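Values in this text are rule-based calculations from the coordinates and carry no lab data. Computed from a predicted model, the values in this text were never measured in an experiment. Glycine also receives a Cβ, built like all others from the backbone with ideal geometry; neighbour counts cover every protein chain displayed.
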Amino acid sequence: MAQVTVTIDGKAYRMACEEGQEDHLTELAADFDRYVSHLKGQFGEIGDLRLTVMAGIMVTDELSDVRRRLATLEKEVEALRSGRDSVLAEASKGEETIVVALGELTAQIQGMAAKLSGKTTVN
């Protein structure tokens, strides 16, 4: 297990994380520190615990918003997939109709060619 020291509101915290996750944890801590610093700038010294709770609520609020937007996008993607499937099914039906029509047309042309061949042979 890797160890990382992160700084939140000027205080160092030693944390454990999985190997290879050190940079990610450091970035997360830096992001959280920005929330704490922002709140501290707005409200001043209101206590470490209160600042941490307020920052946690801000992060949770943003996460909630992202989840809502993700759910909306997932619904849109599903609707697009469904629409795509309908369009592909219709295109497939159209292609089948064209293939059948071309087959019939080919048979008619071959029939005409056979008749014309037979007439020229008879003459």
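Assorted remarks:
- In this structure, Lys93 does satisfy being assigned to a helix (DSSP H, G or I) and either more than 28 Å from the chain's Cα centre (by Cα) or polar (S, T, N, Q) (or both).
- Filter result for Gly20 (of a type outside the set (Asp, Glu), loosely packed, with under 10 Cβ neighbours inside 10 Å and over 35 Å from the mean Cα position of the chain (by Cα)): no
- Qualifying residue in segment 59-78 (condition: in a helix (DSSP H, G or I), over 32 Å from the mean Cα position of the chain (by Cα), exposed (fewer than 12 other Cβ atoms within 10 Å of the Cβ) and free of Cβ contacts under 8 Å to residues at least 60 places away in the same chain): no
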